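Data first, discussion second: the structure below is written as structure tokens.
The values are calculated or read from the model by the stated rules, or taken from the named source; none is laboratory data. Just so it is clear, the model here is predicted, and its values are computed rather than measured. In this analysis, Cβ positions are derived from the backbone assuming ideal geometry, glycine residues included, and neighbour counts consider all displayed protein chains. The protein model used for the area step is the full one, side chains on, heavy atoms only, and it has no ligands, DNA or RNA in it. Shrake-Rupley method; radii C 1.70, N 1.55, O 1.52, S 1.80 Å.
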2 protein chains.
Amino acid sequence: MNKGFHVAVVGATGAVGEQMIKTLENRDFPISKLTLLSSKRSAGKKVVFKGEEVTVQEATPDSFEGVQIALFSAGGSVSKVLAPEAVKRGAIVVDNTSAFRMDENTPLVVPEVNEHALHDHNGIIANPNCSTIQMVVALEPIRKAYGLKRIIVSTYQAVSGAGAAAVEELMNQTKSILNGEEHTPSILPVGSDEKKYQIAFNAIPQIDKFQDNGFTFEEMKMINETKKIMEADIPVAATCVRLPVATGHSESVFVEIEKDGVTATEIQELLASADGVTLQDNIKEQVYPMPAHSVGKNDVFVGRIRKDLTDDKGFHMWVVSDNLLKGAAWNSVQIAESLVKLGLVK
Amino acid sequence: MNKGFHVAVVGATGAVGEQMIKTLENRDFPISKLTLLSSKRSAGKKVVFKGEEVTVQEATPDSFEGVQIALFSAGGSVSKVLAPEAVKRGAIVVDNTSAFRMDENTPLVVPEVNEHALHDHNGIIANPNCSTIQMVVALEPIRKAYGLKRIIVSTYQAVSGAGAAAVEELMNQTKSILNGEEHTPSILPVGSDEKKYQIAFNAIPQIDKFQDNGFTFEEMKMINETKKIMEADIPVAATCVRLPVATGHSESVFVEIEKDGVTATEIQELLASADGVTLQDNIKEQVYPMPAHSVGKNDVFVGRIRKDLTDDKGFHMWVVSDNLLKGAAWNSVQIAESLVKLGLVK
């Protein structure tokens with residue numbers, strides 16, 4: 001890769017946008033011009049990229065003139081309006097919101113799982129939900145080798161998934177509680193929902209809004225997106241829970257595979273050599289993944305792999321990843337790298 | 001209940017012992033004499049019970065002379081030595097440690113589930129593990145009405161389950177991290193295990209030591225104790241995780257029932273009228289159980305009850321309770337109340 005591209009980051013001042021810019025820098029992504037875009041409110045801020053100051057500009061349709069790759073992470077409503085404008089002007093959009101994920105004309109891509117789907121893009125590629133991405137990276141090698149009959153997942157999700165303001169709320173609330181002061185939650189569990197609850201020293205079993213079927217939208221994302229990414233109609237059940245953790249999502253995953261007689265050791269060996277996975281599974285040495293150890297790393301960490309005690313086809317495992325990186329910024333940049341590699345960027 | 005009993009609390013200065021004393025007071029348990037016992041190190045401390053100071057004494061075999069009911073929560077090794085001494089001297093022991101739980105001559109009792117087992121006691125009654133108790137209280141009504149084919153649980157456990165020192169570690173570590181100071185974990189995940197990890201703003205997938213089968217001892221407690229309490233050979237799978245929460249265990253529970261065609265509404269109605277359960281399940285109003293709201297309450301709180309989207313016999317729910325109360329002190333005192341009610345205290 002010796003030529004550079006004109007890349008735009010939309011939502012450049014947000015928790016994910018910030019990580020996208022860092023990741024583009026760390027990966028030495030071939031960039032000829034970097035356009036940083038945000039809401040009117042954040043426009044004017046300055047961001048340092050490879051030692052040079054870049055001024056953040058207000059995102060408008062015309063901002064995308066000449067842009068070849070646009071990474072969006074400014075909320076679904078922004079993507080719905082501006083992503084088609086970017087495409088109209090010749091950009092390929094990698095969208096980190098839920099706006100286009102289930103749209104049948106939009107590929108939903110985790111490069112380790114379905115990079116090939118990029119060929120079918122119509123201008124927009126959707127980046128899946130953070131909790132879905134790390135799960136499918138861990139489970140796709142198992143699906144390929146042994147088939148998957150069913151997935152049941154309970155998540156342990158960090159507040160940065162709800163944005164930088166949610167992290168601030170966790171930290172300020174924690175301080176207040178330690179100092180015996182009053183605190184009034186104003187963001188979590190869901191910014192746009194009515195009731196707010198304490199997250200410090202608590203666990204909230206609601207991420208995103210409730211749907212009519214009793215599941216939250218976050219849970220339905222895991223259920224529906226997994227099928228689309230794996231291109232397989234696998235029954236998935238999810239319970240999504242927010243924790244007082246700043247960054248790093250964890251998941252307790254149960255799978256039933258199709259094949260008989262597989263051992264936990266075989267699953268461990270499979271994942272030890274899987275793309276994007278780091279196996280951390282040595283219980284004798286108390287080695288297992290933890291969110292605090294995942295921060296700043298691109299991989300998905302898997303451990304606690306063990307066979308169910310009565311179900312020969314059942315396996316339990318613990319899957320952890322930095323939700324801002326593999327769950328968002330890194331997966332988006334990785335998609336951009338794949339697009340370049342496959343010659344799909346004009 | 002108009003006569004009083006000579007009651008002893010062993011481990012009176014610990015996190016659970018403290019709650020036992022408070023619970024005896026709150027319940028107005030009929031007490032003629034209260035003997036508070038501890039290790040040599042804590043002996044001499046004074047505790048206020050119903051407005052009067054009681055001095056904590058070092059626990060020795062002779063401490064149990066005249067004691068009719070002894071509530072033990074001072075660790076398994078203390079129970080192993082002193083519980084038989086108490087029984088020898090005529091006391092009934094309610095033991096909150098794992099020392100006798102799986103002993104076939106010792107009933108393992110959650111009054112809402114198997115109060116009848118108290119009749120078979122041989123001096124010692126075991127109080128189950130905290131995470132097991134709240135789960136069986138929530139699931140027994142479902143088992144009775146519809147049968148249970150399988151249970152898969154992922155826990156979200158508070159540090160007070162590891163004792164008062166673990167709570168102190170969480171709070172001090174949290175302060176250090178907020179202040180950007182160094183901190184060296186010294187207790188969690190398991191006091192007696194080799195490696196220590198940060199719990200503040202983290203999640204640790206290890207509670208108690210690992211067994212050869214890849215499960216932790218905490219997970220095996222949930223698996224084995226559930227079968228003994230429910231008197232049914234139900235396959236249980238557990239993943240136990242420690243959270244930065246001081247008090248209140250949460251559980252994401254999946255069950256497969258025997259009966260076809262049951263609705264989530266039927267399960268909700270069943271639990272709304274179940275002993276020891278408070279249903280908190282109104283997603284339209286964002287009502288669901290949370291550990292921060294469970295502290296100081298005796299009940300088991302159940303919410304997020306919903307049917308699996310593909311498995312007609314599968315149901316998901318979220319179960320929360322104060323691990324020091326129903327999970328320990330309250331269940332022990334409740335056993336003592338049942339013993340009195342059934343005329344089993346000499």
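For the rotational copy pair B/A, the chain B residue whose Cβ lies nearest the symmetry axis, together with its distance in Å, is B:S154, 2. Residue-normalised convex hull volume from the C-alpha trace of chain A: 155 Å³ per residue. Solvent-accessible surface, computed for protein heavy atoms with a probe of 1.4 Å, shrinks by 10 Å² or more for the following residues of region B:155-172 when the other protein chains are added to the isolated chain: B:Y156, B:M171.
For chain B, the relative contact order is 18 percent, taking Cα pairs closer than 8 Å that sit 6 or more residues apart in sequence and dividing their mean separation by the residue count. Counting only residues at least eight positions apart within a chain, or on another chain, the aspartates and glutamates with an alpha carbon under 20 Å from that of A:K195 are A:E168, A:E169, A:E182, A:D208, A:D212, A:E218, A:E219, B:D281, B:E285. With a 10 Å cut-off around each Cβ of B:231-241, the average count of Cβ atoms from other chains is 4. Both radii are taken from the alpha-carbon atoms of the protein assembly as shown; with Rh as the Kirkwood radius, Rg/Rh is 1.02. Per-residue SASA remark: A:S32, around 80 Å² accessible (1.4 Å probe; ligands, DNA and RNA not included). For the protein assembly as shown, the solvent-accessible area with a 1.4 angstrom probe is 37 square angstrom per residue.
Taking loop as defined by DSSP and a crowding limit of 16 other beta carbons within 10 Å, which GluC sites (Glu not before Pro) in region A:218-270 fit? Passing sites in region A:218-270 are A:E231, A:E258. Averaged over the residues of A:310-317, the number of partner chain Cβ atoms lying within 10 Å of the residue Cβ comes to 3. Other residues whose C-beta falls under 10 angstrom from the C-beta of B:E218 contribute a net charge of +1, scoring Lys and Arg +1 and Asp and Glu -1. Which GluC sites (Glu not before Pro) does region A:80-126 hold that lie in a coil by DSSP with at most 11 other beta carbons within 10 Å? In loop regions of region A:80-126 (DSSP not H, G, I, E or B), the sparsely surrounded GluC sites (Glu not before Pro) are A:E104.
Pairs from the list B:K80/B:K326; A:K209/B:K326; A:K33/A:K326; A:K221/B:K196; B:K175/B:K284 with a Cα-Cα gap above 28 Å: A:K209/B:K326; A:K221/B:K196; B:K175/B:K284.
Within the accessible surface of region B:132-322, defined with a 1.4 Å probe on protein heavy atoms only, the carbon and sulfur portion equals 45 percent. Centre-to-centre separation between the Cα atoms of region B:209-224 and those of region B:42-101: 28 Å. Taking a straight Cα-Cα cut-off under 20 Å and skipping sequence neighbours fewer than 8 places away in the same chain, the aspartates and glutamates within cross-link reach of B:K346 are B:D28, B:D62, B:E65, B:E85, B:D95, B:E115, B:D120, B:E337.
With contacts taken as Cα pairs under 8 Å at a separation of at least 6 residues, region A:132-323 carries a relative contact order of 27 percent.
When the accessible areas of A alone and B alone are added and the area of the pair subtracted, with a 1.4 Å probe, the result is around 5200 Å², both sides summed.
Around A:E115, with a cut-off of 11 angstrom between Cβ atoms, what is the net charge of the other residues, counting Lys and Arg +1 and Asp and Glu -1? Once all neighbours under 11 Å are counted, the net charge is -2. Positive end of the dipole of chain B (Cβ unit charges, origin at the Cα centre): among B:G248, B:N224, B:A59, the Cα lying farthest that way belongs to B:A59. Size descriptors for region A:132-323: radius of gyration and Dmax over Cα atoms are 17.6, 56 Å. Taken as Cα centroids, region B:285-311 and region A:279-346 sit 29 Å apart, rounded to the nearest whole angstrom.
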